[in-house]
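Here's the structure we're looking at; comments come further down.
Quick note: the coordinates plus some simple rules give every number you see, no bench work behind them. Computed from a predicted model, the values in this text were never measured in an experiment. Note that we place each Cβ from the backbone using ideal geometry, even for glycine, and neighbour counts take in every protein chain shown.
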Amino acid sequence: MCGIIGAIANRDITSVLIDGLKRLEYRGYDSAGLAVIDSDGELDLRRSVGRVVALEKICSDIHGHLGIAHTRWATHGRPAENNAHPHTSSHQVAVVHNGIIENHESLRQSQKEMGFPFSSETDTEVIVHQIDHHMQNGADLLCAVQNTVDELNGAYGLGVVSKQDTSRIIAARNGSPLLIGLGEDENFIASDMSALIPVAKQYMVLEDGDIADVTGTTVDIYDRDRKPVQRKVLVSSLSDDETSLDGYAHFMKKEIHEQTRAITETLEGRLGANSVLEIPFGENAKEIFDAAREIKIIACGTSYNAACVARYWFEEFGIRCDVEIASEYRYRKHVVNDGTLFVTISQSGETLDTMAALEMAKGLGYSNTLCICNAPESSLARASDLTIFTHAGREIGVASTKAFTTQLVTLLMLAICLRRRALNLSAEGDKIEHEIVLELRSLPSQIEHALGLEDDIIAMSKHFADRQHTLFLGRGAHYPIAVEGALKLKEISYIHAEAYAAGELKHGPLALVDADMPVVAVAPNNELLGKLKSNLEEVRARGGRLFVFADIDSGIHSDDDTHVLHVAPVNNYIAPIIYTIPLQLLSYHVALLKGTDIDKPRNLAKSVTVE
Ligand code: F6R
């Protein structure tokens with residue numbers, strides 16, 4: 001999704017801006033641009049559709065000490081050069097913007113009446129004209145931005161420069177993350193710290209309503225009431241180590257294979273001999289767990305699928321658990337029972353719908369807020385009472401893989417901590433806790449084993465590459481695993497994939513089944529296996545082609561219409577984590593055969609910071 005970087009320094013900053021944009025590419029975008037105040041004091045604007053390398057090619061002759069740059073993920077107006085940011089007004093002011101301005105139509109109308117010409121279809125262009133309008137009426141750059149944001153409804157992270165004042169960048173935030181990177185006699189703005197890895201370690205996070213006046217040597221921040229405020233200086237732990245392909249063809253493949261390490265690190269320090277330890281979850285974890293009698297989980301996409309798996313664990317352990325998509329949760333009324341813990345799950349920690357749901361939940365009487373997150377320097381982590389980090393390492397492929405399995409591991413540990421309270425067990429737990437802890441310890445080697453299915457999955461993927469549609473089936477906690485498998489396939493191979501709880505097949509989707517419709521199923525050896533087998537027979541009876549990941553002892557074997565890949569026996573609690581792996585590999589290899597842009601699939605973004 002859109003990314004911002006800006007720089008003011010005593011050196012040429014064009015390469016800093018281009019490098020920062022490349023580092024923001026993982027978020028997903030369709031066009032890019034930059035505006036630099038050049039050595040003649042002129043505003044030099046370059047924009048292009050497509051990848052940042054295309055922009056880089058047209059920027060080799062630009063030099064300057066002050067500039068802003070942007071990767072755009074289209075919301076208002078198609079991907080086109082004139083819609084790419086920065087937007088300018090009268091060649092005086094340039095703006096980059098993340099977010100959506102809801103009252104852009106009325107502003108556009110009044111600006112047209114004032115004679116401002118429009119060159120884009122974006123909501124952003126009204127911001128730059130409004131700033132220009134205030135400057136034409138005598139305001140300096142800071143005041144002009146302050147006056148403008150007072151007139152905006154909606155979400156924004158803004159970077160603004162003007163050729164009339166080449167000593168500052170003005171940054172403003174409301175609902176769209178923005179931070180200030182602090183260098184030596186140079187400062188930066190960015191939508192996330194990964195853009196600034198080589199240039200700044202220290203940074204400050206703007207809060208909603210803040211406006212920052214950033215020069216090369218000073219940063220002055222004003223809050224919503226325009227009072228000067230200090231924001232904490234933080235030190236970033238991000239490094240470049242995680243951003244190389246290490247010989248893999250794609251980040252997604254690297255990240256699938258990194259799951260053994262990611263899970264090992266997520267478990268690190270959190271397991272005792274026979275129990276899950278609570279202290280490593282945070283100073284206030286015990287108190288927050290003590291107060292939790294029910295769970296409400298909010299998330300989007302893959303993180304939502306992780307929540308749906310976890311609901312089976314929580315409820316099996318006697319803890320009521322409700323799961324909801326963030327974008328739906330935000331727009332309805334809620335009845336909150338006493339002692340309900342509000343849990344958000346997010347890889348990026350920046351998903352706008354999840355963040356807005358958390359802000360809304362704070363006023364609704366939940367006992368506490370807990371976030372399961374992979375990004376330590378993220379908005380959700382900062383805004384929650386307690387954050388449990390999944391130590392997956394940076395995930396760059398847009399399709400989430402290692403973040404999902406580490407979320408599951410973390411949720412299972414959380415479920416165990418709450419189970420003790422629900423069942424009145426000691427901190428050392430009981431036989432079931434011991435069993436799960438043993439299984440969690442051996443999870444990395446079990447994942448390795450599942451990754452060993454890759455060659456067979458490559459062969460299987462050939463049956464999918466020319467298909468238009470696919471069905472995924474699962475039962476119980478493996479129904480959300482089927483949903484996650486379908487999500488992976490559709491987002492990176494662009495094959496339409498739908499998942500059903502296998503028992504639902506006969507209530508409608510069976511009508512779709514014929515020899516042209518591959519049906520993928522996950523069949524662990526659990527109490528629902530018999531039921532699932534009957535559902536698979538329903539598919540076979542209609543001439544359907546089955547592709548089944550089945551426990552080796554399931555009694556399901558390959559024949560003319562059924563391709564079976566056998567999975568080693570696995571404990572019921574961790575089976576959903578193991579059965580995720582072959583589905584990730586299947587989608588990857590189908591997409592590879594189709595030649596899609598696996599790490600940056602069309603229309604998608606890694607960090608979804610708009611509604
Ligand atoms: C799919 C995927 C998305 C994200 C969703 C939420 O592979 O990655 O569905 O899971 O956009 O993102 P986070 O977890 O960052 O809140």
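Please compute the Kirkwood hydrodynamic radius over the range 346-398, one decimal place, Å, based on all pairs of different Cα atoms.
On the way: mean 1/r = 0.0879 Å⁻¹.
Kirkwood hydrodynamic radius for the range 346-398: 11.4 Å.
Taken along its principal axes, the alpha carbon cloud of the range 294-381 reaches lengths of 33, 26, 21 Å, longest axis first. Extent of the chain along its three principal axes (Cα atoms, max minus min coordinate, largest first): 79, 54, 44 Å. Panel order for Phe188, Phe251, by other beta carbons found within 10 Å of each beta carbon, from fewest to most: Phe251, Phe188. For the range 441-515, the share of alpha carbon pairs falling in successive 5 Å distance bins from zero is 3, 14, 18, 22, 23, 12, 6, 2, 1 percent.
Dividing the Cα radius of gyration of the range 370-428 by its Kirkwood radius returns 1.06 for Rg/Rh. Counted by neighbouring Cβ atoms within 10 Å, the residues Met413, Met204, Met360 run from fewest to most as Met360, Met204, Met413. If you take the Cα centroid of the range 290-346 and the Cα centroid of the range 362-400, the two points sit 14 Å apart. Take the Cα of Gln468, go 7 Å toward its beta carbon, and the backbone nitrogen atoms of the range 503-524 under 17 Å from that spot belong to 511-519. Amide hydrogen proximity for Ala74: with H placed 1.01 Å from N in the peptide plane, the residues at 5 or more positions away or on another chain lying under 5 Å are Asp30.
Global dimensions of the range 387-462 from alpha-carbon coordinates: Rg and Dmax equal 16.2, 52 Å.
Ratio of Rg to Rh for the range 461-578, alpha carbon only, Kirkwood? List each step's numbers first, then the result.
On the way: Rg = 13.1 Å, Rh = 14.1 Å.
Looking at the range 461-578, the ratio lands at 0.93.
Taking the average, over residues, of other Cβ atoms within 10 Å as the packing measure, peptides 559-571, 301-313 rank 301-313, 559-571 from highest down.
So what's the gap between the Cα centers of the range 47-97 and the range 481-558, to the nearest angstrom? About 46 Å separates the Cα centre of the range 47-97 from the one of the range 481-558.
Once the Kirkwood radius over Cα pairs is known for the range 58-109, the Stokes-Einstein relation at 10 °C and 1.306 mPa s delivers a diffusion coefficient of 122 µm²/s. Counting neighbouring beta carbons within 10 Å and listing from fewest to most, the residues Leu586, Leu425, Leu43 come out as Leu425, Leu43, Leu586. Can you pull the percent of Cα pairs in the range 1-45 with separation above 17 Å? The answer is 34 percent, as a whole percent. Gap in Å between the Cα centre of the range 1-42 and the Cα centre of the range 153-191? Between the Cα centres of the range 153-191 and the range 1-42 lies a distance of 12 Å. Using the empirical formula 2.2 N^0.38 Å as the baseline, the Cα radius of gyration of the range 218-363 reaches a ratio of 1.32. Taking only the alpha carbons of the range 22-72, we obtain Rg and Dmax values of 11.0, 34 Å in that order. Calculated FRET efficiency, Glu428 to Lys286, Cβ-Cβ distance, R0 = 22 Å: about 0.90 to the nearest 0.05. Which pairs in the list Lys232/Lys606; Lys57/Lys594; Lys296/Lys362; Lys296/Lys488; Lys201/Lys600; Lys22/Lys606 are over 21 Å apart, alpha-carbon to alpha-carbon? In this structure, Lys232/Lys606; Lys57/Lys594; Lys296/Lys488; Lys201/Lys600 exceed 21 Å between Cα atoms.
Kirkwood's formula applied to the C-alpha pairs of the range 1-152 gives a hydrodynamic radius of 15.5 angstrom.
Taking all Cα-Cα distances within the range 79-194, those exceeding 18 Å account for 48%.
Once the Cα atoms are used to define both axes, helix 301-316 deviates from the longest principal axis of the chain by about 40 degrees. For the peptides 271-278, 333-340, residues were scored by their other Cβ atoms within 10 Å and the scores averaged per peptide; the highest-first order is 271-278, 333-340. For the range 294-335, the ratio of Cα radius of gyration to the globular rule of thumb 2.2 N^0.38 Å stands at 1.16.
Averaging over all projection directions, the Cα-based convex hull of the range 324-423 occupies 6.6 nm² in the image plane.
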